[in-house]
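Working notes for the structure below.
The values are calculated or read from the model by the stated rules, or taken from the named source; none is laboratory data. Because the structure is a prediction, the values reported are computed rather than measured. Using ideal geometry, Cβ is built from the backbone for each residue, glycine included, and neighbour counts are taken over all protein chains shown.
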């Protein structure tokens, strides 16, 4: 599955796959300063958002740790020597109040799930929230052999790796599954009915398919809890094209992955020191997004916050729950600094002025 993911990212999954995109396109001018949460919305690390579920709703922090880098060699060059730093980073986050980790069966061929299980080992089960994903790729034989039971069979293996009896949230990883929406919904509903998952969500779905899956799950008495798509200052597509609003209007949580554009919005990279070529999401030339980085740096200096914290606070201000890759204690501290305060209307307007609309792909990046 890891090879499938890496191949897809290099070809047609990411909106800038297999090439450095041309000049980044700005969103329509009338979208600057729009779609902002009320200034009173200022979640701290210990505050909780509710993911709807058939029975007990899931209460998670307003920031989620993306564990794709944990165990993934193809993109993130994982080495087991990094694990102590991951453990220390998780302790910083957990002690601050962050309780939410996102992983997937495809990350590191399941190794990410194993590492997630290790970092939460010994903690009270109700004190953390685990989210994993079912890929259901069209080139996997099991997808056709078990079209309904595929999600359940895959989740059982995930739980073995996680060493848990259930996950809090189970997502369909992307819209590439050959099963019909109704068949996929039936399979995901089985996971809930068997007690192996509490809440069900999707990832990379466009607004139309989000509503189709919502209706398909409703037949089993299960709400669609969330949609997770790439969203950041460098990819405002889900905001500009109504995905975030669709989720909000229908009682779902919108999650943003690649919230820091794979490090491009941390201030660590430049034209002279670009990110690794494997970092495919929002892979614009650094010189083309330098005006964006300069605005983030200016605001960060004014606020006395890290650049990464400003970029993450921007997502929160737009109604997205940031999912962010964290491997080091320093990254953990920066992420915590994104919570408990808010950018001003002017700050967001200034960032929007230099933001990027981004694109979508037919296969993966639909949302």
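If residue 56 passes every condition in (1) surrounded by 15 or more Cβ atoms within 10 Å (Cβ to Cβ); (2) under 28 Å from residue 196 (Cβ atoms); (3) touching a residue at least 40 places away in the same chain (Cβ under 8 Å) but one, which one does it miss?
(1) is the only condition that residue 56 fails.
Could you tell me how many of the residues in segment 287-302 are surrounded by 16 or more Cβ atoms within 10 Å (Cβ to Cβ) and either out of contact with any helix residue (DSSP H, G or I) (no Cβ under 9 Å at 6 or more places or on another chain) or outside any helix (DSSP H, G or I) (or both)? If you could, list the steps in order and put the result at the bottom.
Residues of segment 287-302 that are surrounded by 16 or more Cβ atoms within 10 Å (Cβ to Cβ), as a first pass: 289, 292-293, 295-296, 299-300.
Subset that is either out of contact with any helix residue (DSSP H, G or I) (no Cβ under 9 Å at 6 or more places or on another chain) or outside any helix (DSSP H, G or I) (or both): 289.
Here the count works out to 1.
Can you tell me which residue in segment 168-202 is surrounded by the fewest Cβ atoms within 10 Å (Cβ to Cβ), limited to those that are in contact (Cβ under 8 Å) with a residue 60 or more places away in the chain and more than 19 Å from residue 250 (Cα to Cα)?
176
Does segment 97-116 contain any residue that is touching a residue at least 60 places away in the same chain (Cβ under 8 Å), more than 15 Å from residue 158 (Cα to Cα) and buried (at least 20 other Cβ atoms within 10 Å of the Cβ)?
yes
Among the residues of segment 163-172, are any more than 29 Å from residue 278 (Cα to Cα), touching a helix residue (DSSP H, G or I) at 6+ places or on another chain (Cβ under 8 Å), in a helix (DSSP H, G or I) and modelled with pLDDT of 95 or more? Give the steps one after another, and end with the answer.
First pass over segment 163-172, keeping only residues more than 29 Å from residue 278 (Cα to Cα): 163-168.
If we keep only those that are touching a helix residue (DSSP H, G or I) at 6+ places or on another chain (Cβ under 8 Å) too, we end up with 163-167.
Remaining after also requiring in a helix (DSSP H, G or I): none.
The answer is no; no qualifying residue exists.
Looking at segment 67-87, which of its residues are in a loop (DSSP other than H, G, I, E, B) and farther than 22 Å from residue 259 by Cβ?
Of segment 67-87, the ones in a loop (DSSP other than H, G, I, E, B) are 67-79.
If the condition is that a residue be in a loop (DSSP other than H, G, I, E, B) and farther than 22 Å from residue 259 by Cβ, then 73, 79 are the ones that fit.
Just to verify a result, which residue in segment 105-129, among those that are assigned to a loop (DSSP other than H, G, I, E, B) and under 19 Å from residue 61 (Cβ atoms), is nearest to the chain's Cα centre (by Cα)? Even if it seems obvious, please write down each step before you answer.
As a first pass, look at segment 105-129 and keep what is assigned to a loop (DSSP other than H, G, I, E, B): 105-106, 121-124, 128.
Within this subset, residues satisfying the condition of being under 19 Å from residue 61 (Cβ atoms) are 123-124, 128.
Values: 123: 23, 124: 24, 128: 17 Å.
Looking at the filtered set, the residue picked out is 128.
Considering segment 303-331 alone, what residues qualify as being farther than 15 Å from residue 261 by Cβ, touching a residue at least 60 places away in the same chain (Cβ under 8 Å) and in a helix (DSSP H, G or I)?
Listed by number, the residues that qualify are 316, 317, 329.
Table: residues versus (1) at pLDDT below 95; (2) under 26 Å from residue 305 (Cα atoms); (3) exposed (fewer than 15 other Cβ atoms within 10 Å of the Cβ).
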| site | (1), (2), (3) |
| --- | --- |
| 245 | no, no, no |
| 260 | no, yes, no |
| 282 | yes, yes, no |
| 285 | yes, yes, yes |
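When segment 66-96 is examined, which residues are found to be surrounded by 18 or more Cβ atoms within 10 Å (Cβ to Cβ) and touching a helix residue (DSSP H, G or I) at 6+ places or on another chain (Cβ under 6 Å)?
Of everything in segment 66-96, those that are surrounded by 18 or more Cβ atoms within 10 Å (Cβ to Cβ) and touching a helix residue (DSSP H, G or I) at 6+ places or on another chain (Cβ under 6 Å) turn out to be 67, 68, 70, 71, 72, 89, 90, 92, 93, 96.
What about residue 270, is it within 21 Å of residue 238 (Cβ to Cβ) and assigned to a loop (DSSP other than H, G, I, E, B)? Quick ask: steps written out before the conclusion?
Details: within 21 Å of residue 238 (Cβ to Cβ): no; assigned to a loop (DSSP other than H, G, I, E, B): yes.
Answer is no for this residue.
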